[in-house]
Structure formats: C-alpha cells, structure tokens
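Derivation of every value follows stated rules applied to the coordinates shown; laboratory data play no part. Quick caveat, the model's predicted, so the values are computed rather than measured. Note that we place each Cβ from the backbone using ideal geometry, even for glycine, and neighbour counts take in every protein chain shown.
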Amino acid sequence: MSELLELKKINNMYFRDKNSVIVIGFFDGVHLGHKKIIEACVKRAKKISGASIVLTFNKPPLNVIKSEMHKKLIISYEEKIKIIDSLGV
C-alpha cells in the first residue's frame with residue numbers, strides 16, 4: 001500500500017533514510033508516457049530496495065507562474081493520485 005503525502009508533511013516521510021527514486025512532474029492525464037516514467041521509477045526503487053516517490057502538483061505550473069492563466073485539467077488531482085497509486089508507488 002502506498003503512502004500518499006502532502007508536501008507539508010515531507011519532513012516526516014518514512015523513506016527519508018532509505019534509498020529513493022523520485023520522478024517530478026505535473027502528470028496531467030497520466031498518459032502512457034507518464035505511466036512508463038512512473039513504472040520505471042517503481043522498478044528502479046525495487047531493484048535498490050528503496051522507496052519510489054512521485055512528486056506532483058495540484059495546479060498546472062503556468063497557473064502558478066501566471067496567476068491570470070486558468071489552464072483546464074484533463075483529470076482531477078484526486079483521480080491523478082488514484083492512477084499513480086495504482087502503478088505501485
């Protein structure tokens with residue numbers, strides 16, 4: 001079972017003393033390319049007996065950088081987390 005954490009809880013992460021493999025991205029839609037990257041992260045983490053970590057965001061980067069932007073999401077943040085979780089993270 002994965003442990004999905006909010007960034008504000010990052011200091012208490014269970015894997016902070018373990019080997020870790022991390023991927024960082026917005027991953028809107030979690031399409032096939034995103035899935036391959038995340039699956040590679042999980043595979044590599046297992047190989048080194050470490051934790052697989054996906055750092056993603058709830059807002060599109062442009063919406064944060066340019067507050068007047070309101071890019072629509074392909075899927076909700078909650079659905080994105082469910083899909084990422086299903087990939088074994």
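What the table shows:
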item	result
Peptides 65-75, 37-47 ordered by average Cβ neighbours within 10 Å, highest first	37-47, 65-75
Pairwise label distance in nanometres, K18 with N63, each label 7 Å out on the Cα-Cβ vector	3.1 nm
Net length gained if the chain between H70 and H31 were fully extended (0.36 nm per residue, minus Cα distance)	11.9 nm
Potential extension, K47-S86 segment - 0.36 nm per residue separation minus Cα distance	12.1 nm
Cα-based equivalent ellipsoid, the stretch 19-86: semi-axes from gyration tensor eigenvalues, Å	26, 12, 9
